[in-house]
Ligand code: DON
């Protein structure tokens with residue numbers, strides 16, 4: 001595995017088409033696009049890494065996997081009255097289907113869906129308490145207490161929140177949000193701002209590799225059925241309107257973020273985190289996708 005990752009990192013270093021760094025969040029516009037990291041955590045406790053795998057980056061929408069898991073833990077199937085389970089086929093920040101579907105977002109991984117999940121898990125609590133809970137959960141699954149929010153990234157998103165605020169107000173107008181919009185957005189932007197390395201993220205994904213048990217710590221995080229279902233959602237909706245392309249080229253459940261990270265789960269085999277800040281037009285890491293394509297080609301990992 002180490003050799004495979006070294007080869008992939010060497011190959012990615014030769015790439016010249018890196019894509020565009022997300023600049024609609026000013027703090028992310030400053031990130032150097034010439035970076036690439038990859039890490040694989042396996043159920044036997046090994047963590048392999050190559051390239052910039054220990055550099056911290058903004059996990060952004062990858063955090064939606066963690067808040068979905070928390071939401072299902074708190075609300076069980078009631079969560080599905082707040083958000084759907086269908087791919088949207090639309091950009092991650094689109095508002096169009098929301099109008100046709102009475103303000104109920106298609107799935108928990110588009111922005112509107114993730115905002116609805118935050119509202120559902122707040123249950124009358126203050127943002128500070130929910131953020132503590134989210135960070136504690138990430139510490140638990142990653143088995144690493146050093147992981148933090150990047151408050152500058154969160155503040156940058158709050159200052160440029162027009163689109164997400166529009167989504168939230170629109171949902172609220174249909175009665176789908178219970179809490180104050182700015183409080184919900186404050187939580188949402190902080191969860192997106194969590195800074196992690198590929199190594200930390202690969203470990204944090206392990207519970208989805210072994211039917212809900214993090215084999216690294218030996219602790220059951222969720223039950224097997226829930227683990228399967230979160231993986232299904234990642235497969236169908238994890239890359240927004242690029243989900244079909246990701247399933248076609250990689251064939252594994254995955255979740256991307258505009259920070260350039262992708263968390264990918266090879267059930268029974270390993271949890272893979274890749275990061276390269278340059279994005280394709282849909283908002284998914286360009287080199288990340290290429291690297292994952294190479295990894296599955298070399299390992300034969302696939303759910304098919
Ligand atoms: O709300 C936003 O736009 C960002 N905090 C997260 C978007 C994101 O990561 C979409 N990913 N491809």
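The values are calculated or read from the model by the stated rules, or taken from the named source; none is laboratory data. Bear in mind that the values here come from a model prediction, so they are computed numbers and not experimental data. Every residue, glycine among them, receives a Cβ derived from its backbone with ideal geometry; neighbour counts consider all protein chains shown.
Mind listing just one residue for me: the one in the range 23-41 that is at pLDDT 95 or above and surrounded by 21 or more Cβ atoms within 10 Å (Cβ to Cβ) and, of those, farthest from residue 260 (Cα to Cα)?
Step by step, filter the range 23-41, then rank; the result is 41.
Modelled with pLDDT under 95 and within 13 Å of the ligand (Cβ to nearest atom): does that describe residue 188?
no
Exactly one of (1) within 16 Å of the ligand (Cβ to nearest atom); (2) over 13 Å from residue 273 (Cα atoms) is unmet by residue 35. Its number?
In the conditions (1) within 16 Å of the ligand (Cβ to nearest atom); (2) over 13 Å from residue 273 (Cα atoms), residue 35 misses (1) alone.
Which helices (runs of 4 or more DSSP H) sit wholly inside the range 67-144 and have at least 2 residues that are in contact (Cβ under 8 Å) with a residue 40 or more places away in the chain and more than 16 Å from the ligand (Cβ to nearest atom)?
So the answer is 111-122, 127-142.
Does the range 84-95 include one or more residues that are touching a helix residue (DSSP H, G or I) at 6+ places or on another chain (Cβ under 9 Å), at pLDDT 95 or above and crowded, with 22+ Cβ neighbours inside 10 Å?
No, the range 84-95 has no match at all.
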